[in-house]
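Structure first, then comments.
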Amino acid sequence: MVALTIDGRKVEAGAGSTVLDAALAAGIEIPRLCHHPELTAWGGCRLCLVEVEGQQAPVPSCGLAAAAGMVVITHSEQLEAHRREVLDLLLSDHPLNCVICEKAGACDLQRYAYEFGLSESSHEKEIARKLYQDENAFLVRDHQYCILCTRCVRVCEEIVGASAIEVAQRGFEAFVATPFDAPLVETPCTFCGNCVQVCPTAALVPVDRIGKGREWDLTRTRTVCPYCGTGCGIEVATRGGEIVSVSGYGAPANGEFLCTKGRFGLGFVGHPDRLRRPLIRRDLAYSLGLIDTPPPAALGRSPLGRSPAAGETHVEVDWEIALDLVADRLAAVVKESGPDAFAGIGSALCTNEDNYIFQKLVRGVIGTNNVDLCARV
Amino acid sequence: MTNSIREIRDTDCILVIGSNTGEAHPVISYEVVRATRRGATLIVIDPRKISLTRHAALHLRPAPGTDHALYLGMLNAIVTRGWLDREFVGGRTEGFEALAAHLEAWAPEVAAAACGVPAEQIVEAARLYALGLRRTAAEGGESAPPRGASTILYGMGITERSNGTELVKTLANLAMVTGQIGRPSTGVNPLRGQVNVQGGCDMGCLPNVYPGYQQVADPAVRAKFARAWAQRQSQAGRELTMPEAPGLTFIEMIRAAADGRIRAMYIMGQNLMMTNPDATLMERAMRSLEFLVVQEIFLTETAQLAHVVLPAASFAEKSGTFTNTERRMQLIRPFARPPGEARPDWAILCEVGRRLGRRLRRPLRWAYGSAAEVMREVAALCSIFGGITHERLETVGLQWPCPSPEHPGTLFLHAEQFSRGRGRFHATSPAPPFEPTDDAYPLVLSTGRILYHYNGGPMTRRAAPLDWREPRAYAEIHPDDAARAGVRDGQACLVSSRRGSIRVQARVGGVVPPGMIYVPFHFREAAANLLTHADGLDAGAKTPEFKFAAVRLERLRAERSGAAGGSHPPPE
């Protein structure tokens, strides 16, 4: 631990902390745009400059190692004027169409502009980057909103390990690009969308989020991704029960990062193919007198051939009919052939509670240990 | 996993074995990437050139099915060159002498001849892993640093094998002989494939154990559950007896169904027509059943065969818990309403339990007000989950063992001692795959996942961006094998085994070594599991060998090319 003074307060910082880390840990807010706690410091946005006693010019606090006895000022008239100028310049190159922007309400640039009272830029307005790339089904790259903070470039290299994007060209011409400006599918991009997650503006937006609602219209629910065994925490943003976007939020297993399935793979939830009512196979329904159309040939076809049309193999019935039928048939088998003529398969996709009740049903009611799940297959 | 996901970033040396982590567990691969950026040494052992090899210091490519020899060669090098942790071996383990004697026959040169990996690479991997050497330490000639932390991450490339249990024991030998277990950032870490495969096992959906791994064979355990489940406590002892014999395992059930010994099945959320080996056998088994109930969210390939299909709520529409690969139980919360009349699985099962209990005169208690109430019952009956409640999980997940309400959960296992006391070394020997290649079927088929899809595909193929990215089945083929068969990159080709054949798009390149074909199993129209076999199960775990089947590759005649597809009877 090292002890330093920030804004007149004695602050303790852990080994390896930066001045920015120490300030944030002490609850002292410093404006910043390119900084991200999980990524290496870049120092490019110049918003987090602080004054350090004994040093002539202000220094970026994100790259400044906290040292014992350091005396730091984070807010002064000079620093505020400097930050205002940085923001003023950023706004001169950024569309101020917040009224229709997908990111409004969650945009870091908008937030700082608000805090500094900047409604427009005092400089001549000129948007440097006008490229709009929507060549894939996952995310849109709308370069006019990009402020070149390089968070996306760093997350892709440092966390994902894909290094699919980099800053191309220099100065006013600079933009975030793939090698040779190829479409993302032709790069090592894994469409994990962690670049979208760390983007402070609307430069990177999920395709499916566009037009689905303002940030403040969304309900956010923290849950667990339904795919692999990593168990990533996800925050699902919905509007009227419909999924708008998925993001990470800082859960134990994954921090705020996700993969392509967790972020872009939940479309199955509201899919029209979802089962809505219990079903009985047509031959059984026919023999029970529930329908008078004889069973179709489709019942004999392999399910790995053509997909059946809706209603081709089964008919919908009420829960009462289905549940009683299940109980009648299972009871008949157990009574005739004993409990070991039954087998149950639980699910690696269902909850602990579901699986607990499943094996209770098999062991407790049917009376067999013929219960397994796909762990071994 | 013995250890936790977040510990990986602080590891000094990582051994990734039989896991395409970047595609099957992408977020865990981010931890590996972070570790390598901090200077950790990454060693990948896999016949395929997986995405993580880009960050690896060493990529060992044993011929498919021969890697067991490689691990024995590493063990030999560790023991003979003095890289073992004598203190750990002496204080925490037993059976080392027998292992050491067994390993004498496995000099790195012998292993190299068996697996095709050069002996120097085997020795180097052994040194880096045993000593936990970071890249700088490995290259620099500086004086020996203290032993670093090494971890083993392994996947289905180890377990979906006819000798998977022996392979896992061999990896445990590696960890124990070097003391690379029981500390942070070490361990033997299986990366489990499905969101709650850990939890399903934890909850006793296994034929030999009750929830919390309590043995079916133990009369006291059976009596405890009988008492807890009985509707009327006073009558419990007299009325409710729990079955004593262990049940059938998955593939045994399928075979029993196919030959009529199993007459009825109840399948919850499992599309075995797509995800299990030998789909033709699966279909025959399902059609042989007098009564099949499938509880599902879609009319999957398996549900299509069911007499009754019960519509379930998905993870998005219910409360409950999932347990991840690091034993962390986490709360899921609903964010949507179930479609139509779909209900949570546990609620459906309670309805069935009530009705069936009346008919079979085995009335149990089914009155749960919520999933949280179910978990309270689990905690009361299982000491390793004793301290877990939904209320506690509201703020953060808990890693079991978590025996009491104050217990913080367990980050890594085996800190002071192993579950059985001293860790036992097992002298293991390689065994050939069940179905070796031959002249008629000269290539090795391995199946598995790809980044954009999941299992039988009912979820991911209905997620538009994912299906846009990978819309069709394909086979990875080495250029030599493609040239021999006259198959060109991007064209449709025919892959056949003794059990069936599928038409897939050829992806010709260097991902697979010569002699190997890799086919993802997500695509119903070209189901890879028409080719795999359900024979030669692992003796311990009864797991099929998805990673090794003999196949042949053929060019398609013009009239047959076009869309991908599959067929049951093998072609002439």
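The values are calculated or read from the model by the stated rules, or taken from the named source; none is laboratory data. As the structure is a computational prediction, the values presented were derived from the model and not from experiment. Using ideal geometry, Cβ is built from the backbone for each residue, glycine included, and neighbour counts are taken over all protein chains shown. These accessible areas exclude ligands, DNA and RNA; they are computed on the full protein's heavy atoms, side chains included. Shrake-Rupley method; radii C 1.70, N 1.55, O 1.52, S 1.80 Å.
Quick query: amide H of B:Ile477 versus all other amide H atoms, modeled in the peptide plane; which residues come in under 5 Å with a sequence gap of 5 or more or a different chain?
B:Arg507, B:Val508, B:Gly509
Highest first, please rank the peptides B:192-199, A:43-50 by the mean number of other Cβ atoms sitting within 10 Å of their residues.
Numbers: B:192-199: 28.0, A:43-50: 21.5.
Peptide ranking by packing, descending: B:192-199, A:43-50.
Rounded, prolate or oblate: which fits chain B, taking a ≥ b ≥ c as square roots of the Cα gyration tensor eigenvalues, rounded meaning a/c under 1.5, else prolate when a/b beats b/c?
Details: a/c = 1.74, a/b = 1.14, b/c = 1.53.
It is oblate, given that a/c is not under 1.5 and a/b is not larger than b/c.
What total accessible area, in Å², is buried where chains B and A meet, using a 1.4 Å probe and rounding to the nearest 100?
Interface between B and A: roughly 12400 Å².
Compute, for chain A, the length of the dipole vector about the Cα centre, with Cβ point charges of +1 (Lys, Arg) and -1 (Asp, Glu) only. Units Debye, rounded to 20.
740
Can you give the net charge of the other residues whose Cβ lies under 14 Å from the Cβ of B:Met268, counting K and R as +1 and D and E as -1?
That works out to -3.
Just counting partner chain Cβ atoms within 10 Å, what average do the residues of peptide B:523-530 show around their Cβ? Mind showing how you got there, number by number?
On the way: counts 1, 4, 4, 1, 3, 0, 1, 2.
Per-residue shielding by partner chains comes out at 2.
In chain B, what percent of the accessible surface is made up of carbon and sulfur (1.4 Å probe, ligands and nucleic acids excluded)?
Result for chain B: 52 percent of the exposed heavy-atom area is carbon or sulfur.
Label B:Gln231 and A:Asp7 with points 7 Å out from Cα along Cα→Cβ: what is the distance between them in nm?
6.6
At a Förster radius of 25 Å, what calculated FRET efficiency corresponds to the Cβ-Cβ distance of A:Tyr249 and A:Ala26, to the nearest 0.05?
In this case the efficiency is close to 0.60.
Summing -39500 (n - 2.57) over the DSSP H runs of n ≥ 4 in the protein assembly as shown and dividing by its residue number, what mean residue ellipticity at 222 nm do you reach, to the nearest 500 deg cm²/dmol?
Working: 30 runs with 259 residues, N = 949.
It comes out at -7500 deg cm²/dmol, rounded to the nearest 500.
Within segment B:377-461, list the GluC sites (Glu not before Pro) lying in a DSSP loop whose Cβ has at most 12 other Cβ atoms in a 10 Å radius.
Sites meeting the loop and neighbour criteria: B:Glu394, B:Glu406, B:Glu416.
Chain A: longest stretch without exposed GluC sites (Glu not before Pro) (DSSP loop, at most 12 other Cβ within 10 Å), sites themselves excluded?
A:136-377
If we count every other residue with Cβ under 15 angstrom of B:Arg6's Cβ, Lys/Arg +1 and Asp/Glu -1, where does the sum land? Walk me through the numbers on the way to the answer.
On the way: positive: B:Arg9, B:Arg34, B:Arg38, B:Arg183, B:Arg327, B:Arg328; negative: A:Glu38, A:Glu256, B:Glu7, B:Asp10, B:Glu31, B:Glu326.
Around B:Arg6, the surrounding residues sum to 0.
Over all residues in A:331-340, what is the mean tally of Cβ atoms on other chains that come within 10 Å of each residue's Cβ? Walk me through the numbers on the way to the answer.
Numbers: counts 8, 5, 7, 6, 2, 2, 6, 1, 4, 8.
Per residue, the average neighbour count from other chains is 5.
In square angstrom, what is the accessible area per residue of chain B with a 1.4 angstrom probe? Present the calculation step by step, with values, prior to reporting the outcome.
Details: 19790 Å² over 572 residues.
Accessible surface, normalised per residue, equals 35 Å².
Ignoring ligands, DNA and RNA, what accessible area per residue does segment A:251-377 give at 1.4 Å, in Å²?
31
Evaluate the relative contact order of segment A:275-331 (contact order divided by residue number), counting alpha-carbon pairs under 8 angstrom at least 6 apart; express in whole percent.
47
Loop only by DSSP, 15 or fewer other Cβ within 10 Å of the Cβ. Give me the trypsin sites (Lys or Arg not before Pro) in segment A:115-159 that pass, ordered by residue number.
On the way: sites: A:Lys125, A:Arg129, A:Lys130, A:Arg141, A:Arg151, A:Arg154; in loops: A:Lys125, A:Arg129, A:Lys130.
Here the sparse-neighbourhood loop sites are A:Lys125, A:Lys130.
Setting aside same-chain residues fewer than 8 positions from B:Lys542, which lysines have a Cα under 21 Å from its Cα?
B:Lys169
For B:Lys224, go through the lysines and keep the ones whose alpha-carbon is under 19 Å away, minus same-chain ones fewer than eight residues off.
Cα-Cα hits under 19 Å: A:Lys360.
For segment A:215-272, what % of the accessible area comes from carbon and sulfur atoms, probe 1.4 Å?
Here carbon and sulfur together make up 46 percent of the probe-accessible area.
If you stretched the chain out fully between A:Leu89 and A:Ser287, how much longer would it get, using 0.36 nm times the residue separation minus the C-alpha to C-alpha distance?
Between A:Leu89 and A:Ser287, full extension yields 63.6 nm more.
For segment B:1-39, which trypsin sites (Lys or Arg not before Pro) are both in a DSSP coil and crowded by at most 14 other Cβ atoms within 10 Å?
Hits after loop and neighbour filter: B:Arg38.
Would you work out the charge dipole size for segment A:275-331 about its Cα centre, treating the Cβ of every Lys and Arg as +1 and the Cβ of every Asp and Glu as -1, and quote it to the nearest 20 debye?
360
Going through the DSSP H helices of chain A, which span 15 Å or more along their own axis at the Cα atoms while scoring at least 0.5 as a mean Kyte-Doolittle hydropathy?
A:319-337
Tell me the label-point distance for the pair B:Glu104, B:Arg420, using the 7 Å Cα-to-Cβ offset, in nm and rounded to one decimal.
Distance between label points: 2.5 nm.
Cα-Cα over 27 Å: which of A:Lys103/A:Lys261; B:Lys49/B:Lys547; A:Lys130/B:Lys49; A:Lys103/A:Lys125; A:Lys103/B:Lys318?
Cα-Cα > 27 Å for A:Lys130/B:Lys49; A:Lys103/B:Lys318; rest within.
Compute the Cα gyration tensor for segment A:139-239, then decide on rounded, prolate or oblate, letting a ≥ b ≥ c be the square roots of its eigenvalues: rounded whenever a/c is under 1.5, prolate when a/b is larger than b/c in the other cases, and oblate in all that remain. Don't jump to the answer; show the numbers that get you there.
Numbers: a/c = 2.28, a/b = 1.44, b/c = 1.58.
Note, shape of segment A:139-239 comes out oblate.
Grab the other residues whose beta carbon is less than 15 angstrom from that of B:Phe434, score K and R as +1, D and E as -1, and report the net.
-3
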